[in-house]
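Student: Before anything else, here's the structure in question.
Just so it is clear, none of the values below were taken in a lab; they were calculated from the coordinates. Just so we're clear, the structure is a prediction, and the values are computed from it rather than from any experiment. Reconstructed Cβ throughout: ideal geometry from the backbone, glycine too, with neighbour counts over all protein chains shown.
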Amino acid sequence: MDQIRIPEPLPLPLWPAGTVPGSLGDAPVDVPTITPYLLPPGERPRGAVVVCPGGGYARLAPHEGEPVARWLNGIGIAAFVLRYRVAPYRHPHPLLDAQRAMRTVRHLAARWGIDASKVALLGFSAGGHLAVTAGTHHDAGVAKADDPIERRGCRPDALVLCYPVVSFHEPGHPGSLANLVGAGAPEDLRLFLSGEAQVCTDTPPAFVWHTSDDAAVPALHSILFCSALARHGVRYELHVYESGRHGLGLAADNVRVGTWTQHCGAWLLGMGYGG
């Protein structure tokens, strides 16, 4: 029997050319995309994870993109790496890109063998902040929109947060704040983009991990977010490892922290994300 050939991953623009909201041009940095990492058809549709690399809203870290998608494929989960806009783009453009990615995956779910009710969002560092923001600010789509993609909801069905920036209050993250909204952002905008203050009962369940000595993004970000989830009765799993630098990605070179992929994989598979 012939083997089913999976096409090489190629970036897919999230909007047709010339229609990207707020675009400053048509260079690659101006065109948000998702790169699909698909799997052969299974007996039933499988879950999918949209991956948001970190980089302080100034850049996107390569080691938090494709390697993570390949790991997800290895446990039977489809993956999409999001190239969202970063500085000089500011809020709301990264959030619009993440929301559009969620809508796009759901719109094309049947074609890709994906369960549209199991689309998670995974983010590292500032990409974690983007995932938190998308998980606390979402909608069910616009039923009468001319664009069929915009008729789809953008709420993630689950969140995976890896050493995330969460709050623009204490402990905060000056670099992400400056790049996303400017250091002098008004208080109401800082509050809107502080995930721990935006959690509600409709916030998706979350798997969260951090290291207690992270010098760039303190573990208090993750603890504050999970505390807010607990107050609202939202399920979560939190792992705080004793030691490990910021930006570890898959943490393959750290024996203890590297176990996060096993725990996270079990969590996702337990929620039915495998095929």
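Student: Provide the packing ranking of 33-43, 79-89, i.e. peptides ordered by the mean count of other C-beta atoms within 10 Å per residue, highest first.
Tutor: Details: 33-43: 17.0, 79-89: 22.2.
Ranked by mean Cβ neighbours within 10 Å, highest first: 79-89, 33-43.
Student: Moving to a separate point now. Let me have the relative contact order for the chain, percent, based on Cα pairs under 8 Å that are six or more residues apart. Could the numbers behind the result be given before it?
Tutor: Numbers: 577 pairs, mean separation 47.9, N = 275.
Normalised by residue count, the contact order of the chain is 17 percent.
Student: Arranged from highest to lowest average of other beta-carbon atoms within 10 Å per residue, in what order do the peptides 230-240, 181-191 appear? Working shown, then result.
Tutor: On the way: 230-240: 14.4, 181-191: 12.5.
The most tightly packed comes first, giving 230-240, 181-191.
Student: Same structure, new question: Just need the relative contact order of the range 167-275 here, percent rounded to a whole number, with Cα pairs under 8 Å and 6+ apart. Don't skip to the end; give the middle numbers.
Tutor: Working: 119 pairs, mean separation 25.1, N = 109.
About 23 percent, as a whole number.
Student: Using θ = phi - 60° and the Karplus curve 6.51 cos²θ - 1.76 cosθ + 1.60, what whole-Hz ³J(HN,Hα) does each residue of the range 136-147 get, with Gly and Pro shown as x?
Tutor: Working through the residues one at a time gives 10, 9, 8, 8, 8, x, 10, 4, 9, 5, 5, 7 Hz.
Student: Another question about this same structure. Taking the chain as a Gaussian network, Cα atoms linked when under 10 Å apart, which of Gly195, Gly172, Gly22 shows the biggest mean-square fluctuation?
Tutor: With Cα springs under 10 Å in the chain, the top fluctuation among Gly195, Gly172, Gly22 is at Gly22.
Student: Sticking with this one: Whole angstrom only: what separates the Cα centroid of the range 131-210 from the Cα centroid of the range 229-274?
Tutor: 19
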